[in-house]
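To start, the structure itself, in structure tokens.
The values are calculated or read from the model by the stated rules, or taken from the named source; none is laboratory data. Computed from a predicted model, the values in this text were never measured in an experiment. Using ideal geometry, Cβ is built from the backbone for each residue, glycine included, and neighbour counts are taken over all protein chains shown.
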Amino acid sequence: MLQGQDGRSGSLGILLTTLEQVVNWGRKYSLWPMTFGLACCAMEMIAAGAPRFDIARFGAEVFRGSPRQCDLMIVSGRVSNKMAPVVKRLYEQMPYPKWVIAMGDCSSVGGPFNNYAIVQGVDKLIPVDVYVPGCPPRPEALLDAIVKLQEKIQRHEKLGDRL
Amino acid sequence: MNGSDTTADVLKARFPLAVEGVSTFRSDLVITLKREFLRDVARMLRDDPRLRYNLLLDLTAVDRLKLGITPRFATVYQLYSIPRNQAVRLIVPLPWDGETEMPVCPSVTDIWPTADWLEREVYDLIGIHFEGHPWLRRILMPENWVGHPLRKDYPLGGEPVNFSGDRDNPRFAHLGQQIMEGLSFPSELPPGVDPENHMVINLGPQHPATHGVLRVVAELAGEQIVSAHCDVGYLHSGFEKTGESKRYEKFIPYTDRMDYLSGMNNNLAYVLTVEKLLGVEVPLRAQYVRVILAELQRLGSHLFWLATHAHDVSGTIHSLLMYCLRDREMILDIFEMFCGGRVTVTGMCVGGLRQDIPPAFPEAVKVFLREFRKRFKEYDAMLTRNPIWVARSQGIGYLAPEEAIALGITGPMLRAAGIPLDLRKVQPYSSYDHFEFEVPTATESDCYARYLVRMREMEQSARIIEQAINRLPGGPFRTADRKVVLPPRPELDTSMEAVIHHFKLVTEGYKPPPGDVYGMAENPKGILGFYLVSDGSAIPYRLHIRGPSFVNLQALDTMARGHLLSDLITLIGSVDIVLGEVDR
Ligand code: SF4
């Protein structure tokens, strides 16, 4: 698979692996998150994309406006009852395979807003892969979540199952 | 004082039967009116040359069920006269026999068009029918919602906190039941929209250029916008109801989360209101530091606006997004040094500051200012004469000054229309009168003028910060009033009195006298107002927020008509909204 990369050896290197591992390896370093800011946490999500924290170091800088081009949804903020069906629909519009990070207390459990308006955790609507605590989590925390998600993707065993 | 006397006198002379009472509390003039006279009085207040209350700042209502006052509901109008720099509050009790679904109040939308959304909000959250409103329907809550959340007999809602995580336990079976079936399309189109002859397209709530979760229903004739109606409420978080269930000081962290780009300014507006209600004086040092923090935050907010606006309007100016966010990080570092928070800061407390500034603070601010000034020149040069930028923003979204006032616009948008209303100048709070600065204005009132005004404002903010940091006075950083702030830790070891104060404050909180106040401050986006009603307990009876973004956004329709669809993005950017504050 990785042939001739090491120019000095002069011979073709041979690497034995499974198809899953190669595909997972490719997927985990090319996450495309959705441009989808909900509330205060979105400010830190944007900061993570800005020069200081530079999410590009982890291969996840290609924010896309359309859910059809994304495989990562970062739920960055509180989800209201009015927004809930929209979030669900956006998730459904994303092609498989897809992952969700619940960024912040609000999207994880409702955060400071335990009231009539806010859905107490986005996991009531869509499956969540990584939860990030914090109000808002610092950009480093989001980057850590991405690394965690990458580990999770690498562990994915069988291609084709919808996870 | 003089001016407020006039208002009551003029009103009484003209409508002797209309006035039920006149009172002044904490220098707020409050006039109670009979419902029948509301519209006549409103028109007179606006038009009479001696009064000229041309700006309807705020419109809300109070459910007085638990105060034991009849009638149960009353609407509240906060008026401001720009030429006279005077404010008055009208309270209109609404007689209601409880047999109809909701009490009725005459609408003032034709007198102050800004009342359109404000009345819809009251209808939605409190349940008052405004007679004569052109399109009274829910604005923040989903259409199929049952009940009116801000009524006092409506529970706060939410769910019991599930510490065990055991989802199979039948106790938690109801979790998530509040989630409703979604409607993908509004059941009816806004009035005047003609889907037969025009194309109606939907923008948002997930759209990269709407700065959050705004939805716009645009009616198009070809590429041209016939009308652009906003559908808001996708981020409605129940701030007011939450505030009405917590002690005064516990709401400060929530204010960070409203307009999350201007946490410090929101803190300031809120603590000023509570201080007004309590009658607390704040030491000079705290006032100066508050000014520094608020102006730094204004820079941060404007930088973020510039970054996203430039990015939306022209994808080629992407580098500016990166530059501005880099500079904003420097401001966030200063905040972090001061209070540990970056975005949600909770930097101020009632009575002063939570803690004094650290020793390295002044130097960090000075370094920032030096860097900022240098870089700001570059940004200015990049955009101000950039032909693409000028072509895309000049002449777009004209708003006549009278129109702007009628729509209740405040902040840079109003100043770009040539009206120099800046509360920091006309009603200086927190020692703003100690500093020299100008209020930048423009007359073109288009997107380009708004851009220029904000750019010049950034320069002025830097000027204010510099003066404040150079002349920073010594002394305490919060009031010595032990009824409001905790005693310093060492005092607890030596003084029994301090222990008692500490205990009372922590267990009970402070109890302001009964009454209502309106407090406001000049935020980066416009005038942020808080209306507080105290019943004498430690929890506000009514807490209402006037979000400048909410009111300013109403102008989008007026500004967009006749322009091209692509200009809509420029327009949304030039209003400078934060959806957390629009939807609250
Ligand atoms: S977790 Fe905190 S910062 Fe994030 S959206 Fe919720 S309130 Fe805002």
>> With the structure loaded, tell me whether B:Glu295 is assigned by TED's automatic domain parsing to the domain that holds B:Asn265, farther than 21 Å from B:Pro387 by Cα and free of Cβ contacts under 8 Å to residues at least 12 places away in the same chain or whether it fails that test.
In response: no
> Which ones in segment A:37-72 are at pLDDT 85 or above, away from the ligand (no atom under 16 Å from the Cβ) and not in a loop (DSSP other than H, G, I, E, B)?
Replying inline: A:Gly49, A:Ile55, A:Ala56, A:Arg57, A:Phe58, A:Pro67, A:Arg68, A:Gln69, A:Leu72
>> For segment B:209-220, check the following and say yes or no: at least one residue is in contact with a strand residue (DSSP E or B) (Cβ under 8 Å, 6 or more places away or on another chain), modelled with pLDDT of 90 or more and either within 14 Å of chain A (Cβ to nearest Cβ) or surrounded by fewer than 22 Cβ atoms within 10 Å (Cβ to Cβ) (or both).
In response: no
> Inside segment B:12-66, counting only strands (runs of 3 or more DSSP E) that do not spill past its ends, which hold 2 or more residues that are of a type in the set (S, T, N, Q)?
Replying inline: B:19-25
> Would you pick out the residues in segment B:20-63 that are among the charged types (D, E, K, R) and either without any contact (Cβ under 8 Å) to a residue 60 or more places away in the chain or surrounded by fewer than 18 Cβ atoms within 10 Å (Cβ to Cβ) (or both)?
Replying inline: B:Glu20, B:Arg26, B:Lys34, B:Glu36, B:Arg39, B:Asp40, B:Arg43, B:Asp47, B:Asp48, B:Arg50, B:Arg52
> Pairs, please: C-beta under 9 Å, at least 6 apart or cross-chain, first residue farther than 22 Å from B:Thr242 by Cα and in contact (Cβ under 8 Å) with a residue 40 or more places away in the chain and in segment A:109-138, second among the hydroxyl-bearing types (Ser, Thr, Tyr) and more than 12 Å from the ligand (Cβ to nearest atom)?
Replying inline: A:Leu125/A:Tyr91; A:Ile126/A:Tyr91
> Which of (1) more than 7 Å from chain B (Cβ to nearest Cβ); (2) free of Cβ contacts under 8 Å to residues at least 40 places away in the same chain; (3) in contact with a strand residue (DSSP E or B) (Cβ under 8 Å, 6 or more places away or on another chain); (4) farther than 23 Å from B:Trp145 by Cβ is the odd one out, the single condition A:Thr35 does not satisfy?
Replying inline: (1)
> How about segment B:260-311: which of its residues are over 18 Å from the mean Cα position of the chain (by Cα) and part of a loop (DSSP other than H, G, I, E, B)?
Replying inline: B:Gly279, B:Val280, B:Glu281, B:Val282, B:Pro283
> Which numbered condition trips up B:Ser237, out of (1) more than 7 Å from chain A (Cβ to nearest Cβ); (2) in contact with a strand residue (DSSP E or B) (Cβ under 6 Å, 6 or more places away or on another chain); (3) farther than 19 Å from B:Leu332 by Cα?
Replying inline: (1)
>> Looking at segment B:559-578, can you tell me whether even one residue there is out of contact with any strand residue (DSSP E or B) (no Cβ under 6 Å at 6 or more places or on another chain), within 14 Å of chain A (Cβ to nearest Cβ) and within 16 Å of the ligand (Cβ to nearest atom)?
In response: yes
> For residues in segment B:345-365 being in a loop (DSSP other than H, G, I, E, B) and surrounded by fewer than 21 Cβ atoms within 10 Å (Cβ to Cβ), which is nearest to the ligand (Cβ to nearest atom)?
Replying inline: B:Thr346
>> Please determine whether any residue of segment A:122-144 is surrounded by 21 or more Cβ atoms within 10 Å (Cβ to Cβ), within 12 Å of A:Val79 (Cα to Cα) and either β-branched (Val, Ile, Thr) or touching a strand residue (DSSP E or B) at 6+ places or on another chain (Cβ under 6 Å) (or both).
In response: yes
>> Condition first: small (Gly, Ala, Ser) and within 9 Å of chain B (Cβ to nearest Cβ). Now tell me which residues in segment A:67-110 satisfy that.
In response: A:Gly77, A:Ser80, A:Ala84, A:Gly110
> Out of (1) under 23 Å from B:Leu118 (Cβ atoms); (2) buried (at least 16 other Cβ atoms within 10 Å of the Cβ), the odd one out for B:Val426 is which?
Replying inline: (2)
> If A:Asp144 satisfies every condition in (1) away from every other protein chain (no Cβ under 12 Å); (2) on the phi > 0 side of the Ramachandran plot; (3) of a type outside the set (Phe, Trp, Tyr) but one, which is the exception?
Replying inline: (2)
>> Just to be sure before I move on: is A:Met34 within 16 Å of the ligand (Cβ to nearest atom) and of a type outside the set (Gly, Ala, Ser) in the structure I sent?
In response: no
